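Novice: There's a structure below that I have some questions on.
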Amino acid sequence: MWQRLLNRLLPQDCQLCGKPDAGDLLCTACLADLPRLPAGHCPLCALPAPAGAVCGGCLRHPPHFDATHASLVYAFPVDQLVQAFKYGHQLALAGLFARLMRNEPAIDADVMIPLPLSQQRLRERGFNQAVEIARPLARANGIALDLQATARVADTAAQAGLPWKERRANIRHAFECRMDLSDKSVVVVDDVMTSGATLDEFARILKLHGATRVTNWVLARTLKHEP
């Protein structure tokens, strides 16, 4: 209700095509054209899989997380929106992303934890994009949001461009958990899942501290990656 009222009081142009008076940062046409994740995808990693079965990669190397929910494919123009959010400081997009993510089936969990950034990256960017998306998601779903449970203790090299094996080695021991998660179901929020190596390492740490189930909840999934 408040969002609709603000849209009437403060009309704005579409973030993608510039059409005036876009209702929710995007006009109806651009919103409809966003690339949606195919229905037939692996329930563990969200990559396309026949009949929505567990994919071969997850069968060969089961991840530490138990499920991944994504709404969009990380391709044009979603990549432009994410870049504007993270590097252009267009924080209003966090609310739009959360609303797009809520189109997924309801996720039940004991606690929601945004994927943490290193202190250096946090200083450079000024905010953690996962935290900004998680705030409205937690409120809308009635899940407790914990911003202190975990930390990224290593400022690793950027994952982009690294082969899968190097990504796993690069992110190893980059996180720490500061609370007992025994018998808790955890939902981890991030903006984009690329290879899944970072989220897999994070899930490993959470389960070492007692988490019984870890579900990734991301806005977008990259569909092509090196196995």
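The values are calculated or read from the model by the stated rules, or taken from the named source; none is laboratory data. Computed from a predicted structure; not experimentally measured. Cβ: placed from backbone, ideal geometry, glycine included. Neighbour counts: every protein chain shown. Areas reflect the complete protein model, heavy atoms only, side chains present, ligands, DNA and RNA absent. Shrake-Rupley method; radii C 1.70, N 1.55, O 1.52, S 1.80 Å.
Novice: Could you run through the stretch 90-116 and say how many residues are within 26 Å of ASP66 (Cα to Cα) and either open to solvent by 70 Å² or more (accessible area, probe 1.4 Å) or touching a strand residue (DSSP E or B) at 6+ places or on another chain (Cβ under 6 Å) (or both)?
Specialist: Counting residues in the stretch 90-116 that are within 26 Å of ASP66 (Cα to Cα) and either open to solvent by 70 Å² or more (accessible area, probe 1.4 Å) or touching a strand residue (DSSP E or B) at 6+ places or on another chain (Cβ under 6 Å) (or both) gives 18.
Novice: Give me the pairs: first residue in the stretch 61-77 and in contact (Cβ under 8 Å) with a residue 60 or more places away in the chain, second residue assigned to a strand (DSSP E or B) and among the small types (Gly, Ala, Ser), beta-carbon distance under 7 Å, and six or more apart or on different chains, which are they?
Specialist: ALA70/ALA220; LEU72/ALA220; VAL73/ALA220; TYR74/ALA220
Novice: Here is a list: ALA49, ALA39. Which entry is aliphatic (A, V, I, L, M) and either loosely packed, with under 13 Cβ neighbours inside 10 Å or closer than 19 Å to VAL187 by Cα (or both)?
Specialist: Working: ALA49 fails: either loosely packed, with under 13 Cβ neighbours inside 10 Å or closer than 19 Å to VAL187 by Cα (or both).
After applying the criteria, what remains is ALA39.
Novice: Right, something else. Which residues, counting only those in the stretch 202-222, are open to solvent by 10 Å² or more (accessible area, probe 1.4 Å) and part of a helix (DSSP H, G or I)?
Specialist: Hits for the stretch 202-222 are ARG204, ILE205, LYS207, LEU208.
Novice: Right, next: Among the residues of the stretch 188-200 satisfying the criterion of being open to solvent by less than 10 Å² (accessible area, probe 1.4 Å) and either assigned to a strand (DSSP E or B) or without any contact (Cβ under 8 Å) to a residue 60 or more places away in the chain (or both), which is farthest from MET112 (Cα to Cα)?
Specialist: Selected residue: ALA197.
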